[in-house]
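Please read the structure below before turning to the comments.
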């Protein structure tokens, strides 16, 4: 569910002092985009899920990234994306990430 090597690499790149703030900012941006897609699913594009996938990969959220990849592919193929599945994967990722970053889920 979480690639802790990637998460720790991000922590090393940013520095321990700023890591939680940056991670919360990424989670907030992902949460805002996902909420927007849930409010207006007909507007979802492959680029939206590409954006979400990028944030997921930065944080090492592998299962969420995979859900975004599937939704992006669906959009590119002209099919409706599984926004509910992406949202469920994000919620599960926030639960898993909370062991590494207590309080991060509240940023979503």
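Per-structure values
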{"item": "Using alpha-carbon coordinates, inclination of helix 83-97 to the longest axis of the chain, degrees", "result": "10"}
{"item": "With Cα atoms, 0 to 90° folded angle of helix 4-14 axis to the chain main axis", "result": "70"}
{"item": "Answer label for semi-axes √(5λ) of the Cα gyration tensor in Å (calculated), chosen among (i) 25, 13, 11; (ii) 23, 18, 12; (iii) 33, 16, 10", "result": "(i)"}
{"item": "Nearest-ten-degree value, helix 62-76 long axis tilted from longest Cα axis of the chain", "result": "30"}
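FYI, it's all coordinate maths here, none of it is from the lab. Computed from a predicted structure; not experimentally measured.
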